[in-house]
Every structure is written in C-alpha cells, then in structure tokens.
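Written out below as structure tokens is the structure these notes cover.
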Amino acid sequence: MYKLVAVDLDGTLLNSYGQISEKNKEIIQKALKKGIKIVLTSGRGLMSVKNLAAEVGTNEYIICGNGAIVYNLKEEKLEYDKFLSKKKVLQLIKICEKNSIYYSIYTQNGIITKSLNYNVLFYNFENATKPDNKKSNIYITKDIYNYILEREENDYIKITICDDNSIIFNSTIKKLREAKDVEVLDVGHMSRKIIKTGTQIHTIEYFYTEVSSKNVNKWNAIEFLIQKLGINKEEVIAIGDNINDQTMLENAGLGVAMGNSAPYIKKMAKIITESNNDDGVAKIIEKYILNL
C-alpha cells in the first residue's frame with residue numbers, strides 16, 4: 001500500500017498555463033482524507049510552493065528548490081536544508097557575468113535577478129493574479145554581486161541560468177561544471193512556458209539549468225522525510241516530468257512520468273500517465289491510492 005505521493009509542480013501538477021485543475025484538487029483532497037501524505041516536490045522557491053500547497057489543501061510538508069529544503073507547514077519551520085554558501089554563490093555569479101548569460105538566485109524568501117526575463121518573467125506573471133501576501137518576492141538589482149556581498153542572510157537555494165542561444169548556454173554550462181561542490185542539472189531540452197493575457201497567448205522558450213549545493217536532489221529530501229515519518233521507499237509514489245525528477249522517479253516504489261515528458265525522462269519511470277493538461281496526476285492517485 002502506498003502511503004506518500006511526491007508530486008512535482010511545473011509540467012506535472014500544473015497545466016501549461018501554470019494552473020491546478022479542479023479534477024487534480026478534488027482527487028488530492030480525497031487522498032488526503034484517506035490519510036495519504038501528499039508532498040509537493042518542486043524546484044520552485046518556498047513561498048511559491050507554500051501557496052500551491054494551500055491551494056490543494058495539503059498542510060504537512062513540502063520540498064522546495066529541487067530538494068534543498070524540506071519545510072514543515074504546520075510548524076512553519078525548516079526540517080532540512082542544503083543551502084549554497086555565499087562564497088560559492090559569488091563564485092558562480094562571476095562565471096555567469098563573465099559569460100554574459102541570464103541568471104537568477106533563489107533564496108528562502110524570494111528571487112534575486114537583474115530583470116524580468118525567462119523563468120522570472122513567468123513568476124512575475126503569476127504574481128499579477130495573487131494577493132500581496134502570496135506573491136513570489138522578486139528583487140531586481142543591477143549589481144547582483146554586491147547585493148549578495150552585503151546581504152546578511154545565507155539561505156541560497158539555487159541559481160537558475162537561462163538563455164535562448166544554445167552556444168552561449170552550453171559554453172557557460174561547461175564552465176559551471178568546473179566549480180567544486182555543486183550540482184549542475186543536466187537538462188536535455190528547452191523549457192517552455194505559456195503566458196495567457198486575455199485572448200492572447202505568449203510562449204517563452206529557453207535553455208536552462210539549475211545549480212545547487214552538492215548532493216541536493218529530490219530523492220535525498222524525500223528519503224529524509226520518509227525516514228522521519230517511518231515510511232518505506234516502496235510505499236512512495238513519485239510523479240514528475242523533468243530531469244530534476246530523475247532521482248525520485250528511479251528510487252520511489254512507483255516512479256511515474258507525465259505524458260508530456262521528453263522521451264528520455266519517460267525511460268526513467270516505471271509507468272507513464274496522461275499529460276499535465278489531462279489530469280495525469282489525478283489519474284495515478286485514482287488508480288493506485290483510491291482504487292477507482
């Protein structure tokens with residue numbers, strides 16, 4: 001019997017417009033009432049994941065920053081964290097600046113960037129429909145290096161690097177991989193975000209990678225949590241669509257890839273469900289948790 005479902009957000013629980021369908025919400029609520037742990041497990045920052053957890057009604061634990069944080073929603077505290085050091089962040093900033101590539105830095109409470117572009121542009125769009133206390137905090141500064149240098153907090157979750165030019169992007173990735181004690185996500189396809197304003201639809205496509213502290217991944221965070229909860233890995237379902245889901249897809253009792261995943265991602269999972277636009281998450285919970 002499965003006791004915990006780890007669910008990715010973008011491309012998995014969220015549809016192409018960044019929304020959670022009513023069907024997914026309904027089925028998650030039924031699973032929660034049955035005593036199943038539903039754990040949102042995302043690359044997003046803390047505030048964004050907290051808001052989406054509230055939307056679906058799960059109120060125990062969330063995993064953020066690709067496994068850099070395990071957060072206790074009931075007690076409002078960190079249970080586990082694997083932050084990048086300030087020294088390492090400054091080193092990575094120098095690499096990005098030298099290669100003239102777009103980057104943003106995720107902290108526990110927001111995103112630091114030079115401009116609204118790529119992934120940050122999408123989060124800014126999401127903010128437009130949210131009350132102030134649920135917006136993702138975005139701090140824009142022309143001089144990120146000195147901003148970080150003077151910042152007192154040391155809660156750096158990850159750095160996201162984006163570009164629509166594959167030559168610039170791949171060249172920068174090679175240099176980032178030379179840095180010690182970091183994990184550089186090996187993404188093999190372009191990210192695609194859709195922004196809908198009224199009747200107009202805008203598509204944002206770009207190459208991206210994420211740099212985290214060494215040994216940060218979703219499965220390590222899940223493993224910490226299930227040990228705390230007394231759950232075996234065979235009792236875990238993990239659902240995802242991207243390379244940052246690889247460790248949990250391969251290690252969970254049941255690894256599920258979304259129908260919209262790239263072919264190489266689907267090979268990492270035990271089964272494939274419907275796409276994120278066709279309630280793929282709900283269909284898995286219905287079949288393996290609710291026995292419908």
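The values are calculated or read from the model by the stated rules, or taken from the named source; none is laboratory data. Keep in mind the model is a prediction, meaning the values are calculated, not measured. Note that we place each Cβ from the backbone using ideal geometry, even for glycine, and neighbour counts take in every protein chain shown.
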Open item on the list: Scan the stretch 79-102 and tell me whether some residue there is over 24 Å from Q200 (Cβ atoms), aromatic (F, W, Y), out of contact with any helix residue (DSSP H, G or I) (no Cβ under 8 Å at 6 or more places or on another chain) and not in a helix (DSSP H, G or I).
Closed with: yes
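Kindly evaluate S100 against the criterion of being surrounded by 16 or more Cβ atoms within 10 Å (Cβ to Cβ), touching a residue at least 40 places away in the same chain (Cβ under 8 Å) and among the small types (G, A, S).
Values: surrounded by 16 or more Cβ atoms within 10 Å (Cβ to Cβ): no; touching a residue at least 40 places away in the same chain (Cβ under 8 Å): yes; among the small types (G, A, S): yes.
No, not satisfied.
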Task: Single residue of V49, V56, V70 found to be in contact with a Ser or Thr (Cβ under 6 Å, 6 or more places away or on another chain), outside the structural domain of T203 (by TED's automatic domain parsing) and within 24 Å of K228 (Cβ to Cβ) - done: V49
Open item on the list: Would you confirm, using the coordinates I've provided, whether K94 is surrounded by fewer than 17 Cβ atoms within 10 Å (Cβ to Cβ), farther than 28 Å from I194 by Cα and in the same structural domain as I222 (by TED's automatic domain parsing)?
Closed with: no
Open item on the list: Looking at (1) under 25 Å from L78 (Cα atoms); (2) assigned to a loop (DSSP other than H, G, I, E, B), which one does E178 not meet, given that it meets all the others?
Closed with: (1)
Task: Residue pairs meeting the criteria (Cβ under 6 Å; at least 6 apart or on separate chains; first in a loop (DSSP other than H, G, I, E, B), in the stretch 124-142; second surrounded by 14 or more Cβ atoms within 10 Å (Cβ to Cβ) and of a type in the set (A, V, I, L, M)) - done: S136/M47
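For the stretch 198-212, does any single residue satisfy the condition of being within 19 Å of the chain's Cα centre (by Cα), in a strand (DSSP E or B), within 19 Å of S42 (Cβ to Cβ) and among the hydrophobic types (A, V, I, L, M, F, W, C)?
yes
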Task: Single residue of S166, S191, S171 found to be within 20 Å of the chain's Cα centre (by Cα) and within 19 Å of I101 (Cβ to Cβ) - done: S191
Open item on the list: Anything in the stretch 110-136 that is at pLDDT 85 or above, under 15 Å from G45 (Cβ atoms) and in contact with a helix residue (DSSP H, G or I) (Cβ under 9 Å, 6 or more places away or on another chain)? List them, or say none.
Closed with: G110, I111, I112, T113
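Here is a yes/no grid of residues against (1) closer than 15 Å to W219 by Cβ; (2) part of a loop (DSSP other than H, G, I, E, B); (3) in contact with an Asp or Glu (Cβ under 9 Å, 6 or more places away or on another chain); (4) acidic (D, E):
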position: I231; (1), (2), (3), (4): yes, yes, no, no
position: A238; (1), (2), (3), (4): yes, no, yes, no
position: N244; (1), (2), (3), (4): yes, no, yes, no
position: M248; (1), (2), (3), (4): yes, no, yes, no
position: Y264; (1), (2), (3), (4): no, no, no, no
position: M268; (1), (2), (3), (4): yes, yes, yes, no
position: N291; (1), (2), (3), (4): no, yes, no, no
